[in-house]
Amino acid sequence: MDNLSDLKKGESAIVHKLEGGECMKSQLRSMGLKEGSKLTVIAREPLGGPIVIKTHNTTLTIGRGRAHKIFVKK
Amino acid sequence: MKILLMGNPNVGKSAIFSRLTGVHVVCSNYPGTTVTYCEGKMPYLGSEAKLMDVPGTYSLNATVKVEQVANDMLQQGELIVNVIDATNLERNLYLTLELLEHEKPMIIALNMWDDARHLGVNIDVEKLQQHLGIPVIPTVGVTGEGIKELVEAMPKTKPVKKKKLTEAERWIEIGEIVSDVQQLEYLHHTLKEKLEDASILPKTGIPIALAVLALSFFFIINAGNFIIEELIDPIFYDYYGPFIRETVERFFPAGTVHEILLGTGEDFVESLGVLTTGLYVPLAMVLPFVILFYTVLSLLEDSGYLPRLATLMDTLMHRIGLHGSAIVPSILGLGCNVPGMLSTRILESDKQRFIAATLLAICIPCLAQNAIITGLLLNYGIRYVAIVYATLLTLYITIGFTLSKIIPGETPETIMEVPPYRMPSLKSTFKKTWMRVKYFITEAVPYVLGGVLLINLTYVSGLINHISRIFGPIMSKLFGLPEEAVLALIIGFIRKDVAVGMLAPLGMTAMQLTLACTILAVYFPCIATYVVLFKELGLRDTLKSTAIMMIASLTVGILLKTILL
């Protein structure tokens with residue numbers, strides 16, 4: 001399964017699984033990114049920078065380390 | 001009566017707050033924390049109610065400080081106005097359900113109603129009311145649409161019984177509500193969305209960021225100079241100057257008091273009188289820039305640009321142990337270090353706060369200082385100005401990188417919402433700017449007056465000779481500056497702008513002046529900033545930070561002397 005940082009710019013996917021502490025997971029969900037959400041990658045900042053995604057009408061900037069723990073299905 | 005305004009960040013809460021309250025708004029720290037909230041008054045049922053703008057949160061989990069404060073304030077509220085973003089119904093309803101479980105009278109302001117229509121989000125308000133059991137009023141905070149209806153509906157709402165749910169159960173309920181009340185139409189990309197994407201993609205975003213920053217500063221400097229030359233200078237030189245001289249001379253024709261009040265000479269910058277330089281520096285040289293700077297900053301904040309800048313800066317800022325959002329204290333600090341220092345509390349970890357605060361104190365000159373440095377050095381040529389700023393930027397990166405390696409602790413991963421571009425609400429821009437300007441006037445002006453008075457007293461009492469004798473050799477041996485420059489460093493502790501102004505009459509070469517300006521910027525923040533630094537960091541970290549300041553200024557001074565002089 002891919003994680004968020006494997007996606008290219010412009011690609012869409014469905015969030016399959018969130019990993020990490022419970023706090024972090026519920027933070028992500030309350031910010032609009034949860035299991036089943038459809039997301040599109042808007043931008044990948046260079047040199048290991050964050051990934052910008054859009055889900056519904058929410059745009060989020062997610063650090064690369066955090067992105068590794070968000071598993072998606074294309 | 002206490003009414004709470006609650007909701008997610010970036011839902012237009014402050015625009016609604018501005019609509020509901022009058023001019024008397026106070027922002028302060030929540031007791032025992034560093035979280036800021038604002039409070040105002042609104043007419044309510046024939047009397048006055050207190051309206052509290054609770055800091056925006058995504059949930060009431062209480063895992064972060066802001067959420068704890070929101071939880072705590074919630075206990076005191078008698079009526080809750082939950083502002084939700086109609087374009088993001090699903091996400092916003094999570095907090096709504098959590099709030100409903102507290103069984104207090106509550107009403108929903110379904111904000112961004114116009115944006116929702118433009119985005120093809122159709123919400124059946126009637127059905128949403130039935131699901132939630134409380135009134136739902138569509139609003140547009142920026143234009144004021146729906147505010148009247150909101151106020152009218154407030155007294156009519158009653159608390160509803162609600163069972164406590166688990167996180168998973170809440171999401172299930174939200175799923176049911178959303179699929180019942182919301183219909184999405186697919187609309188093509190608008191120009192606005194294209195611009196949103198362009199400003200966050202590195203290829204186009206970085207040029208845009210440079211253009212935005214350059215344009216902002218170009219506007220602030222030019223508009224500021226225009227106001228000073230056309231409006232303020234004439235007032236000072238044609239009206240205030242003759243008036244104050246005549247008045248003082250009537251009571252004190254000559255002597256010490258005359259000199260302290262008016263200084264020597266006609267020039268408002270160099271005369272160093274309490275009533276001349278003491279008022280001219282803060283009100284004429286600095287205030288116009290402060291007003292313009294904060295207006296531009298509020299517009300950048302409210303339009304939604306800053307999170308994009310923070311995203312672009314994130315990679316670079318991570319190298320110095322910070323998040324992209326840590327660019328905000330630095331940008332704020334360019335206006336005045338004090339609010340910049342206060343805003344370091346938006347950072348999550350102690351390590352980040354320490355690095356951001358120390359970098360701010362050393363490498364970020366405030367607007368007052370910027371205005372005077374450029375004003376003074378531009379006379380000799382732009383390259384002298386460039387030397388000062390290039391040195392500061394190099395320091396910022398070097399110190400940041402070093403600290404991120406040696407200070408223990410982690411930099412947590414970034415997660416940040418990037419709101420869509422929105423038309424800023426002029427009312428809230430004006431209010432925000434006014435509050436910051438008011439802060440500058442009440443905090444800075446007394447310090448400048450005191451500073452100028454202190455300079456005069458050191459001269460009159462002859463203390464200046466002692467100080468120069470003791471510390472002067474340090475200035476001349478280490479930095480190659482005239483011994484008198486030491487007094488500027490002491491005054492710089494009180495006001496940096498006054499101190500830079502004091503360098504002007506010392507007859508230094510352009511390079512010496514450049515070096516002196518750089519050292520003044522680096523060696524120590526002004527006392528007001530230092531006090532806030534102490535409050536934010538505590539004794540131990542303040543001492544550490546101070547040591548870094550001393551090492552930095554000594555190193556920079558000696559290096560620059562070797563290279564430049």
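The values are calculated or read from the model by the stated rules, or taken from the named source; none is laboratory data. Just so you know, these numbers come straight off a predicted model, no measurement behind them. A quick note on method: Cβ atoms are made from the backbone with ideal geometry, for glycine too, and the neighbour counts reach across all protein chains shown. Heavy atoms of the whole protein, side chains included, go into the accessibility calculation; ligands, DNA and RNA do not. Shrake-Rupley method; radii C 1.70, N 1.55, O 1.52, S 1.80 Å.
For chain B, dividing the convex hull volume of the Cα atoms by the residue count gives 173 Å³ per residue. For segment B:261-364, the solvent-accessible area with a 1.4 angstrom probe is 25 square angstrom per residue. Mind checking which lysines have their Cα closer than 25 Å to the Cα of residue B:161? Skip sequence neighbours fewer than 8 apart in that chain. In chain and number order, the partners are B:2, B:104, B:127. With R₀ fixed at 51 Å, the C-beta to C-beta distance from residue B:254 to residue B:562 puts the FRET efficiency at about 0.65. For chain B, find the longest principal axis of its Cα atoms and tell me its angle to the long axis of helix B:382-406, 0 to 90°, nearest 10. So the helix axis and the longest Cα principal axis differ by about 60 degrees. In chain A, one over the average inverse separation of all distinct C-alpha pairs is 11.9 Å, which is the Kirkwood hydrodynamic radius.
Between the alpha-carbon centres of segment B:217-240 and segment B:1-64 there is a gap of 37 Å.
Under the combined filter of DSSP loop state and at most 13 neighbouring Cβ atoms within 10 Å, segment B:233-326 retains these GluC sites (Glu not before Pro): B:266. Taking 30 Å as the straight-line reach from the Cα of residue A:8, the lysines in range (excluding those fewer than 8 positions away in the same chain) are A:17, A:25, A:34, A:38, A:54, A:69, A:73, A:74, B:192, B:194, B:203. For chain B, the longest principal axis of the alpha carbon atoms and the long axis of helix B:306-319 meet at an angle near 60°. At a Cβ-Cβ separation cutoff of 4.7 angstrom, cysteine residues of chain B with no neighbouring cysteine are B:336, B:363, B:366, B:517, B:526.
Spatial offset of segment B:490-563 relative to segment A:8-74 amounts to 43 Å, using the alpha carbon center of each. Taking 7 Å steps out from each Cα toward its Cβ at residue A:73 and residue B:426 produces label points 5.2 nm apart.
Here the peptides B:104-110, B:398-404 are ranked by packing, the mean other Cβ count within 10 Å, and the order with the highest first is B:104-110, B:398-404. Taking a straight Cα-Cα cut-off under 15 Å and skipping sequence neighbours fewer than 8 places away in the same chain, the aspartates and glutamates within cross-link reach of residue B:162 are B:98, B:101, B:103, B:173. Just give the residues from segment A:1-39 buried by at least 40 square angstrom of accessible area in the all-chains context relative to the isolated chain, probe 1.4 Å, and say none if nothing qualifies. With the partner chains in place, segment A:1-39 has these residues losing at least 40 Å²: A:26, A:29, A:30, A:31, A:34. Label separation (residue B:319 vs residue B:246): 6.1 nm, computed from points 7 Å beyond Cα along the C-beta direction. Our coupling estimate for segment B:78-86, obtained by passing each phi through the Karplus curve with A = 6.51, B = -1.76, C = 1.60 and θ = phi - 60°, is 9, 8, 10, 9, 8, 8, 10, 8, 4 Hz, Gly and Pro reported as x. When B:417, B:126 are compared by accessible surface with a 1.4 Å probe, the order from highest to lowest is B:126, B:417. Net length available on complete extension from residue B:509 to residue B:190 is 109.2 nm, with 0.36 nm assigned per residue and the Cα-Cα distance removed. Between residue B:441 and residue A:8, the distance separating the two model label sites (each 7 Å from Cα on the Cα→Cβ line) works out to 5.8 nm. Over all pairs of different C-alpha atoms, the protein assembly as shown has a mean inverse distance whose reciprocal, the Kirkwood radius, equals 26.8 Å.
Charging the Cβ of each Asp and Glu at -1 and of each Lys and Arg at +1, and nothing else, the dipole of chain B about its Cα centre rounds to 940 debye. Volume per residue for segment B:455-531 equals 90 cubic angstrom (convex hull of Cα atoms). Buried area at the B:A interface is about 2600 square angstrom, summed over both chains, from accessible surfaces computed with a 1.4 angstrom probe. Here the protein assembly as shown has 64 percent of its accessible surface on carbon and sulfur atoms, given a 1.4 Å probe and all protein chains in place.
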